[in-house]
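A short worksheet on the structure shown next.
The values are calculated or read from the model by the stated rules, or taken from the named source; none is laboratory data. Since we're looking at a predicted model, the values are computed, not measured. Note that we place each Cβ from the backbone using ideal geometry, even for glycine, and neighbour counts take in every protein chain shown.
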Amino acid sequence: MLRSIRYGEADRILHLYTPHRGRVGAIAKGVRRARSRFGGRLEPFFRLSIELHEGRGELLTVTGADTIDAHAHLRRDAHALDAAARACDAVSRLFETSEPHPGVFNLLCRKLALLDERVAADGGGGDAARVRSSALAFRLKLLHAAGLAPQLAACASCGEREHLDAFSGAAGGVVCAACEASAFPLGDGARGFMVQALARPLASAPQADADALAQAERAISATLEHHAHLRLMPASGRL
C-alpha cells in the first residue's frame, strides 16, 4: 500500500500499487472502528493479498485482506519510514495510471524489504551518503522502467563519446562540450554512479561522494521535469 487517507467517520481511502492493475484507489469501510475485521492490516508500506469489489464508482471496495509482509522492523526507525514514504510517493506519481508495470511493483517491494532488513540488521540509521545513494539508485531504476533512462554512454545530442562532462535534461542525457548550451556540469563520479546504479541490483547500489550524488540527483530531477513534467520531493531527507 502506498498511502491511506481518513474518510468520513470510520473509513479510509487507500492508494494501492498492484502488479496487474497498476495504481488503484479503494475504500476500506469501517476500518477505523475498534472492532474492524481488517484489524491493523491496511497500513502504508504493507505488502498485501487484497480482495477488491468493483462497483459503479471510481473507487474499488476492499472486501478482504491478508498480510504478506508487514515490514515490522521498518516502523522502528524514522529515517527508514521517511525513505519508504519517498519511494512510494515516487512510484505513485510517476506511475499514476492503471497500466500494469509488474517490474515496478517488484522493484518497490524490494526497496521496502531492503529498508526493513537494514533496520533489522543495524537498527536503521546508516550514513547519509549511503541512504541517498540507495534512494537515487531506486529512482534511476524507476526512470528506466518508465522508458526515461538518461543517455549516459554518448552525447545525447550528437553521439560524441568523449568529453562528456555536462548533462542536459532537455536532451535526455550527457552532452559533450560542443552541445552543452543550457546544460550543467556532470563529473565522472556522478556519471559513473548513474551507470553502475542502472546496471547493478538495488541491493548493491554503488556509493559516491556528496558532490557526485548532488549532480546525479540534479540530472534525475531534470530528466523528470523535462520528460515527465514531474517534480518529486528530494530523494532523501538526510542531506
Residue ID - surrounded by the fewest Cβ atoms within 10 Å (Cβ to Cβ), chosen from residues in the stretch 72-86 that are of a type outside the set (A, V, I, L, M, F, W, C) and part of a helix (DSSP H, G or I):
R76
Could you tell me which numbered condition R130 fails, if it satisfies all but one of (1) in contact (Cβ under 8 Å) with a residue 40 or more places away in the chain; (2) surrounded by 20 or more Cβ atoms within 10 Å (Cβ to Cβ); (3) within 15 Å of L202 (Cβ to Cβ)?
(2)
Are any residues in the stretch 196-213 surrounded by 15 or more Cβ atoms within 10 Å (Cβ to Cβ) and in a helix (DSSP H, G or I), and if so, which ones?
Q196, A197, L198, L202, A212, L213
Run down V91, V104, V119 and say which single residue is modelled with pLDDT under 95, in a helix (DSSP H, G or I) and assigned by TED's automatic domain parsing to the domain that holds Q207.
V119
Condition (residue is aromatic (F, W, Y), surrounded by fewer than 21 Cβ atoms within 10 Å (Cβ to Cβ) and touching a strand residue (DSSP E or B) at 6+ places or on another chain (Cβ under 9 Å)) applied to the stretch 175-195: is it met by at least one residue?
yes
Taking S168 as the residue in question, decide whether it is polar (S, T, N, Q), under 18 Å from the mean Cα position of the chain (by Cα) and under 30 Å from T97 (Cβ atoms).
no
Name the one entry in S133, S98 that is among the polar types (S, T, N, Q), under 30 Å from S168 (Cβ atoms) and outside the structural domain of R21 (by TED's automatic domain parsing).
S133
Selection status of S236, touching a helix residue (DSSP H, G or I) at 6+ places or on another chain (Cβ under 6 Å), surrounded by 14 or more Cβ atoms within 10 Å (Cβ to Cβ) and hydroxyl-bearing (S, T, Y):
yes
Return the residues of the stretch 27-71 that are loosely packed, with under 13 Cβ neighbours inside 10 Å and either charged (D, E, K, R) or within 21 Å of A85 (Cα to Cα) (or both); say none if nothing qualifies.
R33, R35, R37, G40, S49, E51, E54, R56, E58, D66, I68
Condition broken by H20, with the remaining ones in (1) in contact (Cβ under 8 Å) with a residue 24 or more places away in the chain; (2) in a strand (DSSP E or B); (3) farther than 26 Å from V131 by Cα satisfied
(2)
Being within 24 Å of E162 (Cα to Cα), touching a residue at least 12 places away in the same chain (Cβ under 8 Å) and aliphatic (A, V, I, L, M) is true for just one of A205, A222, A181. Which residue is that?
A222
Only residues in the stretch 187-201 that are in contact (Cβ under 8 Å) with a residue 40 or more places away in the chain count as the first member; pair them with residues that are acidic (D, E) and surrounded by 15 or more Cβ atoms within 10 Å (Cβ to Cβ), Cβ under 9 angstrom, at least 6 apart or cross-chain, and list the lot.
none
Any idea which of (1) of a type outside the set (A, V, I, L, M); (2) in contact with a Lys or Arg (Cβ under 8 Å, 6 or more places away or on another chain); (3) in the same structural domain as E96 (by TED's automatic domain parsing) is the one G237 doesn't satisfy?
(3)
Looking at the stretch 60-68, is at least one residue touching a strand residue (DSSP E or B) at 6+ places or on another chain (Cβ under 7 Å) and part of a loop (DSSP other than H, G, I, E, B)?
no
Do we have A154 as surrounded by 16 or more Cβ atoms within 10 Å (Cβ to Cβ), out of contact with any Pro (no Cβ under 9 Å at 6 or more places or on another chain) and farther than 30 Å from R110 by Cα here?
yes
